[in-house]
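What follows is one structure encoded as structure tokens, with my remarks underneath.
Every read-out reported here was derived from the displayed coordinates using simple, explicitly stated rules and does not represent laboratory data. Source: prediction; values computed, not measured. Here the Cβ positions follow ideal geometry from the backbone for every residue, glycine too, while neighbour counts run over all protein chains shown.
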Amino acid sequence: MSYPIEDKIVIAIASSALFDLSESDSVFKAEGEAAYRAWMYSRRDEPLDPGMAYPFIRRFLALNRGYPAGEGPAEVVLLSKNDPEAGLRVFRSIKELGLDIIRAAFLDGRSPYAYLPAFNASLFLSADPRDVEAAIAAGSPAGRVLSPGPDADSATDSEDDELRIAFDFDGVVADDEAERVYRSAGGLAAFSESEVSKAALPLDPGPLKDFFVKLAALQRHDEAIRSPDAAPRVRTALVTARNAPAHERVVTSLASWGLRADETFFLGGIEKRRILEVFKPHLFFDDQMSHLAAAWGSAVCVHVPFGIANR
């Protein structure tokens, strides 16, 4: 019987997001591909340090606790541009961290985005902007895990297993129609007029809408099986620069998709960092680098290079 990957919530992750590869990248840039491969293979028994996405991945895989082996809802697949020899160090580092990741593709320099549908990936995380941009252009859900800002401490991990994920709305969960109006038709006044007139009309889905849907399904399942006094294992937040009355279209869109977030913030220009420092998400997705730059140090930031804001 084949493995039921289509029944899982699958995160595809590049080694550049799961581990700190700054040292190996410097070898690659200074000495070339052959030297990099030899360097990685010679250090195959030296574990790599965890990268920015590790706290998210650890908690995501922890959602399988309490299920028989192979029957939990969460799956992580390694999609790597390494060759299998260099990948030895990556897989041994995965084992050292105790992560249940056993499936992988090693593509010897080629971008992995074409294989995302084959692995039923709900999300692809990488630190390589070219791979993420190619995935988004192909219609796959993806985000670039950013290096932390100079004052960031978000790589540190706590002992709890609660998984917290925060999303911007426009250009991430929904498409960028409103942002296009804002940029091309007269700024804030045109945006407000358009959103009020379309308050009852749902927006089209954005690149991470289906991932949001699957998280919601996972939350419902978790609620059904956990004891009444147990805390939820997954919490979501929407953190948007919208404010009233433009907030109504967000509500309309979510209702049309049968979705809700645990916490929703309509900030109207207040810095998102103020909310993220309290919610402490393990990933925060936004389509605009300016918003993410302001949030560095308060969250692991993920850039979604979608829509007019990235052209």
Karplus couplings for region 114-124 from phi (6.51 cos²θ - 1.76 cosθ + 1.60, θ = phi - 60°), rounded to Hz, Gly and Pro as x?
-> 5, 8, 4, x, 4, 8, 6, 6, 7, 6, 10
Computed D for region 163-310, Stokes-Einstein, Kirkwood radius over alpha-carbon pairs, 25 °C, 0.890 mPa s, to the nearest µm² per second, is 156 µm²/s
When the Cα centres of region 1-63 and region 73-109 are compared, how far apart do they sit, in Å?
-> 6 Å
Two-site label geometry, GLU271 and GLU46: point separation in nm, points 7 Å out along Cα→Cβ | 3.8 nm
Ordered by residue, what ³J(HN,Hα) values in Hz, to whole numbers, does region 3-17 give under the Karplus form 6.51 cos²θ - 1.76 cosθ + 1.60, where θ = phi - 60° and Gly and Pro are x?
-> 6, x, 4, 5, 8, 9, 8, 9, 9, 9, 10, 8, 4, 5, 8
Computed E for LEU188/ASP128 - FRET, C-beta separation, R0 35 angstrom, nearest 0.05 | 0.50
Total lysine pairs under 25 Å (Cα atoms) in the chain, excluding pairs fewer than 8 apart on one chain | 12
Using modelled amide H (1.01 Å from N, peptide plane; none on Pro or chain starts), what sits under 5 Å from the amide H of ARG103, excluding residues fewer than 5 places away?
-> LEU78
With DSSP loop assignment and no more than 14 other C-beta atoms within 10 Å, the trypsin sites (Lys or Arg not before Pro) in region 173-227 are ARG226
Could you work out how far apart the two model spin labels at TYR67 and SER290 are, taking each label as a point 7 Å from the Cα in the direction of the beta carbon, and quote it in nm?
-> 4.2 nm
Find the relative contact order for the chain and round it to a whole percent, using C-alpha pairs within less than 8 Å whose residues are 6+ positions apart.
-> 19 percent
Region 163-310: relative contact order from alpha carbon pairs under 8 Å, six or more residues apart, as a whole percent, is 32 percent
Residues with amide H under 5 Å of ARG44's amide H, sequence separation 5 or more or different chain, H placed in the peptide plane at 1.01 Å from N; which?
-> none
Based on Cβ point charges of +1 for Lys and Arg and -1 for Asp and Glu, what charge dipole magnitude is obtained for region 5-144 about its Cα centre, in debye rounded to the nearest 20?
-> 180 debye
Provide the descending list of Cα extents for the chain along its principal axes, expressed in whole angstroms.
-> 62, 49, 39
What is the list of residues in region 105-149 whose amide nitrogen lies under 19 Å from a point 7 angstrom out from the Cα of GLU33, following Cα to Cβ?
-> 105-115, 128-132
Per-residue HN-Hα couplings for region 260-270, Karplus 6.51 cos²θ - 1.76 cosθ + 1.60 at θ = phi - 60°, whole Hz, x for Gly and Pro?
-> 7, 9, 5, 9, 10, 10, 9, 8, x, x, 5
Taking H placed 1.01 Å from N in the peptide plane, check which residues at least 5 places from GLY206 or on another chain put their amide H under 5 Å from its amide H.
-> ALA174, ASP175
Consider just the alpha-carbon atoms of region 51-97 and return their Rg together with their Dmax, both in angstrom.
-> 12.4, 35
Positive-pole candidate from VAL234, SER16, VAL181, dipole of the chain, charges at beta carbon = VAL181
Which of ARG43, ARG260, ARG249 has the fewest Cβ neighbours within 10 Å, and the rest in rising order | ARG260, ARG43, ARG249
Directionally averaged projected area (convex hull, Cα atoms, region 5-144), nm² = 7.9 nm²
Rounded to the nearest 5, the percent of antiparallel DSSP beta bridges in the chain equals 10 percent
